[in-house]
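Structure first, then comments.
Just so it is clear, none of the values below were taken in a lab; they were calculated from the coordinates. What you are looking at is a predicted structure, and each value in this text was computed from that prediction instead of being measured. For neighbour counting, all protein chains shown are included, and Cβ atoms are generated from backbone atoms with ideal geometry for every residue, glycine included.
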Amino acid sequence: MTVGDGEGGAFDALYRQLAGPVYRTALSVLRDPAQAEEVAQEVLIEVWQTAGRFDPARGAAEAWVLTMARRRAIDRVRSAAAGAARERRDGWIQVSWDQVSEAVQDILDRERLAYSLDQLSGPQRQVIVLAFYGGHTYTEVATILGIAVGTVKSRIRAGLTRMQESMRSS
């Protein structure tokens, strides 16, 4: 009774003898029990299907099977590594494209903002620059310019309205 002849009893004996060593070999390479189980199953099925090709003159059957398990596990590691490298590379390209797109949009927004600021009257531009770019409160802007707080608020409101209209049209 031999596995090469396709006899079920022979396969049962082979499985009892080699399932553990095949699993341990795969686990030593993969370090993941679920993947090691898959590899062990694939190898034992392959042994069942290709047992007729085994040449006892070239070595022991157990060594042949364990070599198959080791190679299959290494192939799985290489495949996973290649997939991860491909994802990193593709992810890098996507991130780079997104970063370039975002940078271009920022430049365009700054240019539109600068153009809109240029369209304001001097007093409107002055209060907006002090409040938004200088980080000053309404009261601080009023003190710096020596004008009433209400005037600062009115100029900012009017200036922002003009900037908004200017940015819509550009």
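Scanning the stretch 57-69 for residues that are of a type in the set (D, E, K, R) and either assigned to a loop (DSSP other than H, G, I, E, B) or in contact (Cβ under 8 Å) with a residue 24 or more places away in the chain (or both) gives a single hit, Glu62. The residues on offer are Arg72, Arg16, and the sole one that is in a helix (DSSP H, G or I), touching a residue at least 12 places away in the same chain (Cβ under 8 Å) and of a type in the set (D, E, K, R) is Arg72. Restricting the search to helices (runs of 4 or more DSSP H) fully inside the stretch 96-170 and requiring at least 3 residues that are free of Cβ contacts under 8 Å to residues at least 12 places away in the same chain gives 138-145, 149-169.
When the stretch 19-46 is filtered for residues that are polar (S, T, N, Q) and farther than 15 Å from Arg71 by Cβ, only Gln41 remains.
Results for (1) closer than 21 Å to Ile74 by Cα; (2) in a helix (DSSP H, G or I); (3) of a type outside the set (A, V, I, L, M), shown as yes or no for each residue.
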{"residue": "Val22", "(1), (2), (3)": "yes, yes, no"}
{"residue": "Glu37", "(1), (2), (3)": "yes, yes, yes"}
{"residue": "Gln41", "(1), (2), (3)": "yes, yes, yes"}
{"residue": "Gly52", "(1), (2), (3)": "no, yes, yes"}
